[in-house]
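FYI, it's all coordinate maths here, none of it is from the lab. From a predicted model like this one, the values you see are computed outputs, not experimental measurements. Reconstructed Cβ throughout: ideal geometry from the backbone, glycine too, with neighbour counts over all protein chains shown.
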Amino acid sequence: MKGFVITVLLSLFCVAAFADAPVSWKFSLSAKDNGEVEMVATASIEENWHIYDPGIGDGGPFPTALEIDEIVGAEKVGPFSAVNSKRIDVYDEIFQMDVAYYENEATFVQRFRITDRDAFVLKGDIRASACKDDVCTPPLPTEFDFTAKDLPSDIGAPVSSSASANLKEATVSETGQDRIPQGQITGMDPANDDGTVTPAGAPEVDVDRRATITVDAAGTVSADEPFVDTGDLDAADAVSESVGVENPDLWEPVIEELRDFGAAGDTTDRSLLWIFLIGFAGGLLALLTPCVWPMLPLTVSFFLKQGKDKSAAVKDAMLYGLSIIVIYVGLGLAITAIFGASALNMLATNAVFNLFLFALLVVFAVSFFGAFELTLPSRWTNSMNSRADRSSGFAGIFFMAFTLTLVSFSCTGPIIGTLLVDAAGSGAVLAPAVGMFGFALALAIPFALFAIFPSWLKNAPRSGGWMNSVKVVLGFVELALALKFFSVADLAYGWGILDREVFLVLWIAIFLLLGVYLLGWLRFKNDSELKYVSVPRLLLAIVSFAFALYMIPGLWGAPLKAISAFPPPMTTQDFSLYDNTVHARFDDYETGMEYARRNGKPVMIDFSGLGCVNCGEMEACVWTDTRVQAILDNDYVLITLMVDDRQRLPETVEVEENGRKVKLKTVGDKWSYLQRHKFGTNSQPYYVLLDADGKPIGPSYAYDEDISKYLRFLNTGLENFRRR
């Protein structure tokens, strides 16, 4: 119940809670010896709040992290760490691990060596998740920006390059006394015959790598994490090394090899058809709302005033319907043109964007319940309406269609917004336009028909209280969908607020209340008195109650295949009586490939996402088949790579892609780049079978719940692997 309370409170106050951040930051630069500066970040933390230490390990809360976006004329030295701050170490029962955090005030430093004072530029951000009791803010960035004018005037001179000559002759005793000059030396390291340096307390550094050796006043010697000199590597090797891999061959593109195998389960056309059908259903639903249905008689009145013959009336009605379609499809094409399909796909899985959608849908739901009315400025609709009256021919018809679009916004906006997000997540270039075409077509057909046959209005249901009931029902649906968007952000940031059973409890409550409302036992502000329950309301109430009861076994781990795409994954379930799920052995590409090489097994890469609806469908409906489960568990090394994992990489990586520089900041960025660079795709789910050298052993596979096809896909890879 604790998670339930947190979620409800966050639903009501999420915008206000994050507006007044409990942590404020101040940044400065201070001079150090040997041409170095220290960036000091001081956090002022509100009472009862705390932020976590940068050294928090995997599986714990979000650590305070430094992200460098641009650095010129300087080199990073040493780790980002806390200094002169009261550190509190505790055992966290939620994360089942030791954690360290800071209260009231904390100071963090990162040291840099200045190499070109005049050209100095340092830009980046710090992210910290502030927590209080059981509530945490998202780790949103606080940016810093320094240039040469911000450097302290008293920076000391850097260590002379001649000091590197002393390194070869240096010896270090076990007590730590040495003849290495105090400071830091960067260069090739030839101390020992085998190419390593082994002073007391210092790590080994390979001769073919460059490293920074640090000697403090007490004689303690240390070396930073070595990096590869990519000067002699080819382009593919340089890209591979820049993203932190040791075997460049694993990152070599295999797009042509996959094409030779053919792509099994390519369901782009099917996905577009599904998006069209969803859009069409959304248009029919919007037609029944009080913002759209009353426009029917106004439309008929507009066309009757034209006083044209039958053939001309039919022509004008068709133009009216076409205008509606052009307006909505144009919106879909504009969104694709502005953002691009790849950007829309990444936006659909972005945690911050999903938090915004969660808050937006909650606002829409509250509006549908009657708390307030959302409308566009009246001058817009008045302007369009007057233009329609003044204009003639096609212009007048088009402005009439535009008036319909503006007037109906408060009811169609939430439907269109949800549709566009779902379409963007498919990864198809035309998906937003196809979805909007389905929506507009469903909206345009009735208006065109009523314009052609105005006498039909006599038999059409009149506006009334039933329309407000439609809005309220939509409000319940919007509230349920809002939780899906919050779940994506919750999984991405690892808050653990909306675990699977908490999500299901909320959905059960929502649909039980919907059933109660349909029976007339619950009334809202704008509802008319319900004298009796109609047959359609009774049937919908039965469906709502049945759906709520269907979800109850999920609280104990039942897979709930019908809705598997919506709740959080089974791994977030605290208690489960159901043990028929497949869990990836690795979530890191290089580690999994190395395991496969040592054990002589083929690999299946599963490109997935925390917010990927179709990925959840495949895992719940296909992977739970006993035959599929046996193959994945026993015959393959399964590696799942989350392309929307928001965990920060140790350092920002810049790669060149399609002629432009691309920054990889998170683990998800890295895996998304791997999918694009090596396999030439950017949609999820995406499955590819490889040998331990990273070469394809079968066709790729996309979203398709046909178990027989999936088994054929897996067995084809096994047969080809055994032949090799």
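Sorted by packing (mean other beta-carbon atoms within 10 Å per residue), highest first, where do 142-149, 709-716 land? It would help to have the intermediate numbers written out before the result.
Numbers: 142-149: 14.8, 709-716: 17.8.
Highest to lowest by the protection proxy: 709-716, 142-149.
What is the local net charge at residue 711, summed over the other residues whose Cβ is closer than 15 Å to its Cβ (Lys, Arg +1; Asp, Glu -1)?
For residues surrounding residue 711, the net value is -4.
By count of other Cβ within 10 Å, fewest leading, how are 24, 311 ordered? Working shown, then result.
Numbers: 24 11, 311 8.
Ordered from fewest to most neighbouring Cβ atoms within 10 Å, 24, 311 come out as 311, 24.
For residue 101, what is the net charge nearby, where nearby means another residue's Cβ is under 9 Å from its Cβ and Lys, Arg count +1, Asp, Glu -1?
Numbers: positive: 87; negative: 53, 89, 103.
Combined, the nearby Lys, Arg, Asp and Glu give -2.
For segment 466-578, build the charge dipole from Cβ charges (+1 Lys, Arg; -1 Asp, Glu) around the Cα centre, then report which of 487, 502, 515 sits farthest towards its positive end.
The one lying farthest along the dipole's positive direction is 515.
Describe numerically, in nm with one decimal, the distance between label points set 7 Å from Cα along Cα→Cβ at residue 574 and at residue 395.
6.6
As a footprinting exposure proxy, order 249, 499, 625 by other Cβ within 10 Å, with the fewest listed first.
If I rank by nearby Cβ atoms, fewest first, I get 249, 625, 499.
With both partners inside segment 580-723, how many of the DSSP beta bridges are antiparallel, as a percent to the nearest 5?
If I count the DSSP bridges inside segment 580-723, around 65 percent turn out antiparallel.
For each of 615, 621, count neighbouring Cβ atoms within 10 Å of the residue's Cβ, then give the residues from fewest to most.
On the way: 615 24, 621 17.
The fewest-first ordering by Cβ neighbours comes to 621, 615.
Counting only other residues whose beta carbon sits under 11 Å from that of residue 657, what net charge do I get with K and R as +1, D and E as -1?
Neighbour charge sum, excluding residue 657 itself: +2.
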